[in-house]
Amino acid sequence: MSLEIAPFAPMLRAQTKIEFIRLLRNPWFSIATVVFPIMFYAFFGLAQARMPYMNATVGLYLLASFSAYAVMSISLFSFGASVAAERGNGATRLMRAAPLRPLAYFAGKFIASMAFGGIAVLLLVLFARVAGGVALPAPALVLLLARLLLGSLPFVALGFAVGYLAGLNAAVAILNLITLPLAFASGLFVPLDQLPPFVQSIAPYLPSYHFGQLAWGAVGATSEPWQRAALWLLGYCALFTWVAVRAYYREERKEFA
Amino acid sequence: MSARMDEDAVVFRGVSKNYGTLVALDAIDLRIPRGQSVAVLGPNGAGKTTAISLLLGLRSASAGSISVLGGNPREQAVRARVGAMLQSSGLPEYLRVDEAIALFRSYYPAPLPIDELLSLAGLTEKARMRVARLSGGQVQRLYFALALCGNPELLVLDEPTVGRDVEARRSLLATISEIAKRGRTVLMSTHYLDEADAIADRVVVIDRGHIIADGTPSEVKGAVGRKRVSFTSRVALDDERFVRNGERYEALTESPESLLRELFARNVEIEELTVTGATLEEAFVALTAGEHRHVA
């Protein structure tokens, strides 16, 4: 008796491994998602790390901000750019002809992206500790990671949507056009109260603003109640998932009908 | 599950495929028994790739039914028994050769050992090289290794020799023959009759969505090797080898030179002479109609 189809666990492990390799071997991705947040933190966070701000300190507040930025951009890029690339070069076709289970394909990307996001946050926390003496207590760190990883789901869905809608070259540009303005307008780079009033007025409608609120709340800085942030993110998650699913089926009809 | 030897490897029943108004396949019937090696021959746009996409479950038929190894080609359990080398496909370029093979091995319940795959594809020396750094021929060999990962009962290759040099083509065909000899069913599409001859027990010729010939390589070779000789003559030629249309005479022949030599020897005045390679369709009209117009 031999098996009819391959066992799921080794397939998922192999799929997760290559997704992780993808992220590691793309120097620009690592620079944009791991090095940039640390660099920004070095510029803005270290100088006045101990100064009180929003019931916490500048050091802690910006630690949460740049952690949120790192996880958000990893979610958007690891899904969006990889799906667009695989569609663009025909890898999707080859994988579809093989008995790869779609769940393993998607779950592999998800696990690798979450792991990479977690590592990026831990490196940033370590840097803040070593270079700036900013101590984040363990329970706060666990809360921050849990909130960021769960709260990143809308960006995962948005990444998929872009990956299925945009061509290979356009995808990266579009993702940059989404990530950078979102992060800026939500106060992830520069605290909101230092942004122009116009930006301050639209920020509460952006998913990244509520994502940031979850992060700031985790380090004890003043923020909106987490339930409200979670509700906003849930709504955006539903919207982006709807777009991604529509885009996925559009592709199915075009390429595989 | 025991090997289901009683089932055919591939059965197409009245299969059509339309892309909008374009008819890519028109009511194809085809049965491939297990263990046979079949070459699908035809010009570009004939419907070869469409037929292969349908049998791999990458596309679905507009009409008719397709059975692969007794099941639906869209089922994972069927795909697990089929290996495919596609024409337009890609791989994540950041992977190394051995990593790509390890990935595809994980898709199959009983994969071949990685060393065997590397050696079958001639990539043992390149195992640790990144896909992005491989030459075109090496990438093709990697696709071949991926197609073999699951130790497939049915191996499907869509124009596997395109863009390869003579030596690479020869060694690939030798490996495919080797796999066919192990009792695997092999289906390969190609533009080239000599390739079909090298690996196949059977040649199926497709043109404009129809199967226009189906026979052994030697039957098909006899038909394709012919040339069409066409000329006009004011003097009536009473010769059953020619098809006459007014003053125009046409004949299909394997040896246009001797036919013409003979005509000149008989002092037949001919004008507007053309000698052209018979198109695949012309060459196979005789075969499909069962009417062998044979000349010279």
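The values are calculated or read from the model by the stated rules, or taken from the named source; none is laboratory data. These numbers were taken from a predicted model, which means no experiment stands behind them. Quick reminder, even Gly has a Cβ in these numbers, built from the backbone with ideal geometry, and neighbours come from all protein chains shown.
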**Asked** Just checking, how many residues over the range B:114-169 are crowded, with 19+ Cβ neighbours inside 10 Å and acidic (Asp, Glu)?
**Response** 3
**Message:** When you scan the range B:59-70, do you find a residue that is among the hydroxyl-bearing types (Ser, Thr, Tyr), in a loop (DSSP other than H, G, I, E, B), within 14 Å of chain A (Cβ to nearest Cβ) and under 19 Å from residue B:156 (Cα atoms), even just one?
**Reply:** yes
**Request:** Pick out the one residue from B:47, B:57, B:64 that is over 20 Å from residue B:84 (Cβ atoms) and touching a strand residue (DSSP E or B) at 6+ places or on another chain (Cβ under 9 Å).
**Result:** B:64
**Request:** Go over the candidates B:28, B:52 one by one and state the one that is in contact (Cβ under 8 Å) with a residue 60 or more places away in the chain, farther than 30 Å from residue B:133 by Cα and not acidic (Asp, Glu).
**Result:** B:28
**Complete:** residue B:142: passes all of (1) more than 10 Å from chain A (Cβ to nearest Cβ); (2) of a type outside the set (Asp, Glu); (3) outside any helix (DSSP H, G or I); (4) closer than 23 Å to residue A:17 by Cβ but (3)
**Asked** So which residues in the range A:145-188 are part of a helix (DSSP H, G or I), crowded, with 23+ Cβ neighbours inside 10 Å and of a type in the set (S, T, N, Q)?
**Response** A:179
**Prompt:** In the range B:93-128, which residue that is in contact with a Ser or Thr (Cβ under 8 Å, 6 or more places away or on another chain) and of a type outside the set (A, V, I, L, M, F, W, C) is nearest to the other protein chains (Cβ to nearest Cβ)?
**Reply:** B:109
**Pair list, Cβ < 6 Å and 6+ apart or interchain, from the range B:160-173 residues that are of a type outside the set (Val, Ile, Thr) to residues that are surrounded by 14 or more Cβ atoms within 10 Å (Cβ to Cβ) and modelled with pLDDT of 80 or more** = B:160/B:85; B:164/B:137; B:168/B:137; B:169/B:161; B:173/B:198; B:173/B:199
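Is at least one residue of the range A:74-82 within 14 Å of chain B (Cβ to nearest Cβ), at pLDDT below 95 and more than 12 Å from the chain's Cα centre (by Cα)?
Yes: one or more hits.
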**Prompt:** Can you tell me which residue in the range B:71-110 is surrounded by the most Cβ atoms within 10 Å (Cβ to Cβ), limited to those that are of a type in the set (Gly, Ala, Ser), without any contact (Cβ under 8 Å) to a residue 40 or more places away in the chain and under 20 Å from residue B:158 (Cβ atoms)?
**Reply:** B:90
**Message:** For the condition in contact with an Asp or Glu (Cβ under 8 Å, 6 or more places away or on another chain) and part of a helix (DSSP H, G or I), what is the one hit in B:100, B:51, B:77, B:46?
**Reply:** B:77
**Request:** Output yes when any residue across the range A:203-211 is surrounded by 13 or more Cβ atoms within 10 Å (Cβ to Cβ) and either under 30 Å from residue B:63 (Cα atoms) or touching a residue at least 60 places away in the same chain (Cβ under 8 Å) (or both), and no when none is.
**Result:** yes
**Positions within the range A:34-77 being of a type outside the set (D, E, K, R) and part of a loop (DSSP other than H, G, I, E, B), in sequence order** = A:46, A:47, A:48, A:49, A:51, A:54, A:55
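Could you please find all residues in the range B:80-92 being part of a strand (DSSP E or B) and at the interface with chain A (Cβ under 7 Å from one of its Cβ atoms)?
Residue satisfying the conditions is B:84 alone.
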**Request:** State all residues of the range B:19-43 that are surrounded by fewer than 16 Cβ atoms within 10 Å (Cβ to Cβ), touching an Asp or Glu at 6+ places or on another chain (Cβ under 9 Å) and part of a strand (DSSP E or B); if no residue qualifies, say none.
**Result:** B:31
**Asked** What are the pairs, 6+ residues apart or on separate chains, where a residue within the range B:186-210 that is on the phi > 0 side of the Ramachandran plot has its Cβ under 8 Å from a residue that is at pLDDT 90 or above and among the aliphatic types (A, V, I, L, M)?
**Response** B:209/B:23; B:209/B:24; B:209/B:25; B:209/B:28
